[in-house]
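Report on one structure; see the data block that follows.
The values are calculated or read from the model by the stated rules, or taken from the named source; none is laboratory data. Predicted, not measured: the structure shown is a model, and the values here were computed from it. Here the Cβ positions follow ideal geometry from the backbone for every residue, glycine too, while neighbour counts run over all protein chains shown.
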């Protein structure tokens with residue numbers, strides 16, 4: 001049988017589960033979020049862990065850099081991300097702060113690559129997000145990222161648009177981030193009654209102006225479609241006003 005340990009999808013609870021497995025010298029067959037259906041030979045185990053660490057405890061223990069790597073892996077869409085974090089931590093106890101140099105270890109190599117991939121996507125989306133103003137002066141934007149980068153984007157726009165009310169919706173995961181000029185809150189779509197979006201009267205005018213600006217600043221004779229795809233991947237176009245019509 002393949003022992004599969006279940007957690008609730010929370011990063012802190014995942015780390016506490018891993019620490020519990022270390023303490024009890026248990027090697028999991030897999031670690032999965034709640035809702036995992038399992039395979040024929042999977043034995044599903046849900047533990048109730050009482051002695052838990054806080055994020056500050058983990059930061060002091062593993063350092064900001066390693067916590068950053070593990071958190072970005074956690075945000076990724078990699079199907080084995082929990083096991084990658086498990087083995088990354090397991091090797092940390094052996095190599096300490098030299099772990100990031102051990103690229104010959106599969107778990108370290110994959111963790112660093114995945115972390116970079118998640119960071120790159122979040123960085124691109126900071127520039128690709130297009131907000132629309134609604135009639136109640138609320139800014140709204142939608143994204144459909146490969147990885148769960150909504151929290152990273154929210155921290156960015158909390159600083160960038162700190163004096164505005166805004167909502168960012170991840171249409172792929174059906175979650176939304178709501179900012180009230182003080183802090184942001186990430187909720188499931190069904191937890192917030194997001195009514196019909198009615199645009200502000202001026203929004204259509206500004207949308208036309210932005211499209212005109214985009215179309216007139218380019219030089220047709222120097223158009224390089226491959227270069228444009230590298231800097232502006234087509235998977236993001238559906239939520240980008242200036243190119244969505246090209247789809």
Next item on the list: Examine the stretch 128-138 for a residue that is assigned to a strand (DSSP E or B) and without any contact (Cβ under 8 Å) to a residue 60 or more places away in the chain, and state whether such a residue exists.
Entry: no
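Can you say whether residue 53 is closer than 19 Å to residue 23 by Cα and either outside the structural domain of residue 147 (by TED's automatic domain parsing) or surrounded by fewer than 14 Cβ atoms within 10 Å (Cβ to Cβ) (or both), as far as the supplied structure shows?
Values: closer than 19 Å to residue 23 by Cα: yes; either outside the structural domain of residue 147 (by TED's automatic domain parsing) or surrounded by fewer than 14 Cβ atoms within 10 Å (Cβ to Cβ) (or both): yes.
The answer is yes for residue 53.
Assess whether residue 38 counts as being in contact with a strand residue (DSSP E or B) (Cβ under 6 Å, 6 or more places away or on another chain), over 25 Å from residue 188 (Cβ atoms) and surrounded by fewer than 16 Cβ atoms within 10 Å (Cβ to Cβ).
Values: in contact with a strand residue (DSSP E or B) (Cβ under 6 Å, 6 or more places away or on another chain): yes; over 25 Å from residue 188 (Cβ atoms): no; surrounded by fewer than 16 Cβ atoms within 10 Å (Cβ to Cβ): yes.
No, not satisfied.
I'd like the residue in the stretch 222-244 that is part of a helix (DSSP H, G or I) and touching a residue at least 24 places away in the same chain (Cβ under 8 Å) and, out of all such residues, is surrounded by the fewest Cβ atoms within 10 Å (Cβ to Cβ). Step through it out loud before you land on a result.
Here is the first cut: in the stretch 222-244, the ones part of a helix (DSSP H, G or I) are 222, 225-231, 234-239, 244.
With the extra rule that they be touching a residue at least 24 places away in the same chain (Cβ under 8 Å), the set shrinks to 235-236, 238-239.
Working: 235: 11, 236: 21, 238: 13, 239: 19.
The residue in question is 235.
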Note to self: Which condition from (1) modelled with pLDDT of 95 or more; (2) in a helix (DSSP H, G or I); (3) surrounded by 18 or more Cβ atoms within 10 Å (Cβ to Cβ) is the one that residue 99 breaks?
What the structure shows: (1)
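What about residue 219, is it surrounded by fewer than 11 Cβ atoms within 10 Å (Cβ to Cβ), touching a residue at least 12 places away in the same chain (Cβ under 8 Å) and more than 27 Å from residue 151 (Cβ to Cβ)? Before you say what the answer is, go through the steps one by one.
Working: surrounded by fewer than 11 Cβ atoms within 10 Å (Cβ to Cβ): yes; touching a residue at least 12 places away in the same chain (Cβ under 8 Å): no; more than 27 Å from residue 151 (Cβ to Cβ): yes.
For residue 219, the condition - surrounded by fewer than 11 Cβ atoms within 10 Å (Cβ to Cβ), touching a residue at least 12 places away in the same chain (Cβ under 8 Å) and more than 27 Å from residue 151 (Cβ to Cβ) - is not met.
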